[in-house]
Amino acid sequence: MSRILSSGELLQLKRWNTPTIYNGWAQITKQDLAKGCFNLDEVTDFMPAMGPMVGYAITVVIEPSNKKHTETNPNAVSEYRAYMASVPGPKIVVIQDLDKPSCVGAFWGEVNANIHRSLGCIGTITDGAVRDIDEMTNAGFKAIAKRLCIGNAHVTPVKWNCEVEVFGCKIQPGQLIHADKHGFIAVPPEDEAKLLEASVFMDVNECLTIIPAARFTSGKNQDEILSGIKEAGKTFNSEAKRKFSKGGEW
């Protein structure tokens, strides 16, 4: 797992919402902006008051409906925990549930949240279910998931440290993830180093151009407002192009 960003940079990324991070990423990436690095399906943030989470992916596959997994490898839980504990944090556990579209059992609840929190994990993204959300919140463990459920069925790690696909997005072990109530982005490794600078720049660019032109319109008629917005858009685009060569969107 590469470590391009410092702890301070990760803390700064956490100060911005995920759409702002996307705006910066869009300026520096060579990826297709219409697919691939963020959730394509709807997610639910069950702890929105906790704000964004930023960390590196621990990837896991589960299939709670299938009892054979607990019989085939009775040591899976301890082996997975040993692996998970060996990886530096902050960590976000990304779980692909093979039972989808059904949800018969949750990997996450009060116990697992506390265990993972003690070993440097800050939250999870799972296309399956979670439970005990009040207790998970109390543990300081954020959950972005498909839904809630009451039980855990035959849940156990089936495999880990592998590619997973959740909410239409493929995620590799160790990928930097930024997530909040809007969704998540799995940042390609080549985009990590410039992500913070780009995100901050694009937010400041908006605040100096488009947003004030649209908000501070007292005493102006409609033509003046539209003209002001158009000119601000030109400035926004030229500043983005000067910085990143791609240009802006307004």
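Every read-out reported here was derived from the displayed coordinates using simple, explicitly stated rules and does not represent laboratory data. Everything quoted here is computed from the prediction, not taken from an experiment. Cβ atoms come from the backbone with ideal geometry, glycine included; neighbour counts cover every protein chain shown.
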Return an integer: the convex hull volume of the alpha-carbon atoms of region 116-250, in Å³ per residue.
182
At a temperature of 4 °C and a viscosity of 1.567 mPa s, determine how fast region 7-190 diffuses translationally according to Stokes-Einstein, using the Kirkwood radius over alpha-carbon pairs as Rh; express D in µm²/s, rounded to the nearest whole number.
79
Pairs of Cα atoms under 8 Å, at least six residues apart: use those to get the relative contact order of the chain, whole percent.
28
Please report 29, 124 as a ranked list, fewest other C-beta atoms within 10 angstrom at the top and most at the bottom.
29, 124
Check residue 158: other-chain or 5+ apart residues with amide H under 5 Å from its amide H, H built from backbone geometry?
61, 62, 63
Step through the residues of region 94-99 one at a time and calculate ³J(HN,Hα) from phi using the Karplus curve (6.51 cos²θ - 1.76 cosθ + 1.60, θ = phi - 60°), rounding each to whole Hz and writing x for Gly and Pro.
9, 10, 9, 9, 5, 6
Along the chain, longest interval not containing exposed GluC sites (Glu not before Pro), exposed being DSSP loop plus at most 15 other Cβ atoms within 10 Å:
43-162
What is the spin-label model distance, in nm, from residue 137 to residue 7 if the labels are put 7 Å beyond Cα along the C-beta direction?
2.8
Which ³J(HN,Hα) values, rounded to whole Hz and listed in residue order, are derived for region 137-150 from phi using the Karplus coefficients 6.51, -1.76 and 1.60 in 6.51 cos²θ - 1.76 cosθ + 1.60 with θ = phi - 60°, glycine and proline given as x?
4, 4, 7, x, 10, 7, 10, 10, 8, 7, 6, 9, 8, 9
Considering only the chain, what is the antiparallel percent among its DSSP beta bridges, to the nearest 5?
45
At 222 nm, what helix-only mean residue ellipticity would the chain give, in deg cm²/dmol to the nearest 500, using -39500 (n - 2.57) for each DSSP H run of four or more?
-11500 deg cm²/dmol
To the nearest 10 degrees, how steeply does helix 76-86 sit against the main Cα axis of the chain, on a 0 to 90 scale?
40
